[in-house]
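Down below is the structure, laid out as structure tokens.
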Amino acid sequence: MIITLPAAAARPAAGPRAALLDNDPLVHMNWRLAAKAAGAELKSFRTPQELAAAAETLPRDFPLYIDSDLSSDIKGEDIASELHKKGFTDITMATGHGAEKFSHLPWLKIAGKEPPWA
């Protein structure tokens, strides 16, 4: 006698995902292409205001990648600090600057401009 049981409904695992804040259209294009190739979820923002509006709905562990040089008067590390104070835990400075520039922010990760799925 063979008994067949229905398979348990598995909760789908969260796939690769990230949010990008950068004012460079070429960086956005590169990240979009890499996300598509990797089947990743990418939320991209060109201004801190766009990210701030979306941040209200993002899980606090959503990976955030922020450029340091957003404009002449806005620094990504300031935006990162604000988001960290709001409880975001996975923040990476996506920059060409060396890690020593951000050593005063020990919770901040440092990476280059490459998408995390590249």
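Could you list, in sequence order, the residues of region 88-98 that are out of contact with any Gly (no Cβ under 8 Å at 6 or more places or on another chain) and modelled with pLDDT of 95 or more?
The answer is Phe88, Thr89, Asp90, Ile91, Thr92.
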Restricting the search to region 35-56, which residues are part of a helix (DSSP H, G or I), within 19 Å of Trp117 (Cβ to Cβ) and not hydrophobic (A, V, I, L, M, F, W, C)? Lys36
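Yes or no: Pro59 crowded, with 16+ Cβ neighbours inside 10 Å, part of a loop (DSSP other than H, G, I, E, B) and not hydrophobic (A, V, I, L, M, F, W, C)?
The answer is no for Pro59.
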Could you please let me know if Arg32 is within 14 Å of Pro16 (Cβ to Cβ) and not in a strand (DSSP E or B)? yes
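Table: residues versus (1) of a type in the set (D, E, K, R); (2) in contact with a Phe, Trp or Tyr (Cβ under 8 Å, 6 or more places away or on another chain); (3) over 19 Å from Thr47 (Cβ atoms).
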| residue | (1), (2), (3) |
| --- | --- |
| Glu77 | yes, yes, no |
| Ser81 | no, no, no |
| Phe88 | no, yes, no |
| Thr92 | no, yes, no |
| Gly96 | no, no, yes |
| Ala99 | no, no, yes |
| Leu105 | no, no, yes |
| Lys109 | yes, no, yes |
| Pro115 | no, yes, yes |
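Out of curiosity, is Ile79 free of Cβ contacts under 8 Å to residues at least 40 places away in the same chain, in contact with a Pro (Cβ under 7 Å, 6 or more places away or on another chain) and farther than 18 Å from Arg17 by Cα?
It is false that Ile79 is free of Cβ contacts under 8 Å to residues at least 40 places away in the same chain, in contact with a Pro (Cβ under 7 Å, 6 or more places away or on another chain) and farther than 18 Å from Arg17 by Cα.
The values are calculated or read from the model by the stated rules, or taken from the named source; none is laboratory data. Just so you know, these numbers come straight off a predicted model, no measurement behind them. All Cβ positions, even for glycine, are placed from backbone atoms using ideal geometry, and neighbour counts span all protein chains on display.
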